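Have a look at the structure below, then the notes.
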Amino acid sequence: MALKAGTENKRNVILAGVLLVAVIGIAIWEFGGSSPAPAPAPVAATPATRTASSNPAGPEAPRIATAVPQNLDPSLHLERLALSETIEYAGNGRNIFSADSAPIVIEQPVKSARNDVAVAQKPIYTPPAAPVAPAIDLHYFGYSTSRDGKRRAFLLRGEDIYEAGVGDIVNHRYKIVAVNLNGIQITDLSYNNTQTLPLTGN
C-alpha cells in the first residue's frame, strides 16, 4: 500500500514538471515575438568592392579601380596655346608679369605718427667729461743721498713729513717715480696721473 502511494506522487511530480515547461515555452513564444528577424538589405556593389571580390588573390590584397574618363585627349593643341599667348592684360593696375609696367606708387603719410615736438625738445645726451686729476698736495723741499748714490726725497703734506725713495708709496696714494736735484716725479695712483713737483724751500 505504501509503495503504491509513492508511485502516484512521482507521477504527479512528472506531470507538474511537463506542465511547467509547456507554460514557459508558451510565455516565451508570446512575449518574444513569433515573427522572424528581417533579413539585411543587400549592399550595392561599388567598383572597389567589385574589384576586391573579383580579385583572385582574395580580399586580403584588394585592387583599387581607377576611373578613366572617356573624353580625355592627350594630344597637344597648338592653336589653343597660341590663343592663350595673345591675351593681353586689360586691368587698370600694375601688371606683375611685365617688366614695363608702371612703378608702384607709395602714398605719403598725411602726418607723422611720431610727436616731432617732443622729439625736438628731448635733450641730446652728452657724455660726462673725463675726470681731471687734482694737483698733488705734496711739497718737495729736500733730499738725501746714500753712499750708493741713491736719493731719498723729503716731502711735506700739511704737518706730516715723508721720506721716500724711488718706488715707494706715500700716503697710500702717491708713488715716487724719480728723484732729481730740481724736482721729483710722482704718480697719483687714484687717477693714474704723473706730475712733476719742483724743489721748493721751506
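Does Val105 satisfy the condition of being within 50 Å of the chain's Cα centre (by Cα), part of a loop (DSSP other than H, G, I, E, B), modelled with pLDDT under 70 and of a type in the set (Val, Ile, Thr)? Against the criterion (within 50 Å of the chain's Cα centre (by Cα), part of a loop (DSSP other than H, G, I, E, B), modelled with pLDDT under 70 and of a type in the set (Val, Ile, Thr)), Val105 does not qualify.
Scanning the stretch 170-202 for residues that are of a type outside the set (D, E, K, R), under 25 Å from Val132 (Cβ atoms) and not in a strand (DSSP E or B) yields Asn171, His172, Leu189, Ser190, Tyr191, Asn192, Thr200. Against the test of being under 16 Å from Ile186 (Cα atoms), of a type in the set (Gly, Ala, Ser), assigned to a loop (DSSP other than H, G, I, E, B) and over 58 Å from the mean Cα position of the chain (by Cα), the options Gly167, Gly142 yield a single qualifying residue, Gly167.
The values are calculated or read from the model by the stated rules, or taken from the named source; none is laboratory data. Please read these numbers as outputs of a predicted model, since none were measured by experiment. With ideal geometry, Cβ positions are generated from the backbone for all residues, glycine too; neighbour counts draw on all protein chains shown.
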